[in-house]
Amino acid sequence: MKKVEIKTEITVFDSFDELLKEDKSLMNEAIKAKQNAYAPYSKFSVGAALLLEDGTIIKGNNQENAAYPSGMCAERVAIWNASSQFPDKKVVKLAISASSSSHIVKEPVAPCGACRQTLSEYEMKQKEPIAIFFMGEEGKVIKASSVLDLLPIAFDKSFL
Ligand code: THU
């Protein structure tokens, strides 16, 4: 028996202002995408914007449903939107922003486990990392350079 330490790395920016210009502009697209979130139940709106290798930006937002589990997260709406339209274009970056109508979201909102799993499928398919930037409504921004930094020991097709 042995214990194995697993290390991942993230970058923490003190604020949006610390981001590079191109990352700010992708995050601004995520913030805009958030406006069309359909979140009447949770009142928690999430916007996601993906940058494809040719500069195309694809957006998504959370879409809720009265039958709660039938709703979908912003990140999966965005990545499926990208893959369904441009299956052969690589995804370079993903920016995520979240806010609530009941409180100010001050901490970076990380993608949920199911979104991490979904994103990892496309990262492995394209054999190049997808950088993920996430924030709340204000405050810090976190960057992970790869989906696998947020999902160590991932399940993938090699097990099938
Ligand atoms: N949500 C996302 O859009 N992305 C996540 O990674 C976490 C949660 C949405 C789903 C639901 O509409 C609302 O946030 C509250 O969970």
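Where a number appears in this text, it was derived from the coordinates with a stated rule and is not lab data. On a predicted model such as this, the values are computed, not experimentally measured, just so you know. Counting neighbours? That spans all protein chains shown, and the Cβs are built from the backbone with ideal geometry, glycine included.
Between residue 4 and residue 24, the contour length at 0.36 nm per residue exceeds the alpha carbon distance by 3.5 nm.
How many percent of DSSP beta bridges within the chain run antiparallel, rounded to 5? The antiparallel proportion sits near 80 percent. Each residue of the stretch 3-8 in order: what ³J(HN,Hα) in whole Hz does its phi give by Karplus 6.51 cos²θ - 1.76 cosθ + 1.60, θ = phi - 60°, with x for Gly and Pro? Residue by residue, the stretch 3-8 yields 9, 10, 8, 10, 10, 10 Hz.
Inter-label distance, residue 86 to residue 53: 1.1 nm, where each label sits 7 Å from its Cα along the C-beta direction. Here the extension length gained between residue 17 and residue 159 equals 46.9 nm, from 0.36 nm per residue of separation less the Cα-Cα distance. Given R0 = 30 Å, the distance between the Cβ atoms of residue 145 and residue 104 translates into a calculated FRET efficiency of 0.60. The phi-based Karplus calculation (6.51 cos²θ - 1.76 cosθ + 1.60; θ = phi - 60°) puts the 3J(HN,Hα) values of the stretch 49-63 at 9, 10, 9, 8, 4, 9, x, 5, 10, 10, 10, x, 8, 6, 10 Hz, whole numbers, x for Gly and Pro. Cross-link reach is defined here as a Cα-Cα straight distance under 16 Å, omitting same-chain residues fewer than 8 places apart; for residue 32 the lysines meeting it are 24, 59. Round to the nearest 0.05 the FRET efficiency obtained for residue 35 and residue 67 when R0 = 25 Å and r is the Cβ-Cβ distance. For R0 = 25 Å, the calculated efficiency reads 0.55. Averaging 1/r across all pairs of distinct Cα atoms in the chain and inverting the result yields a Kirkwood radius of 16.0 Å.
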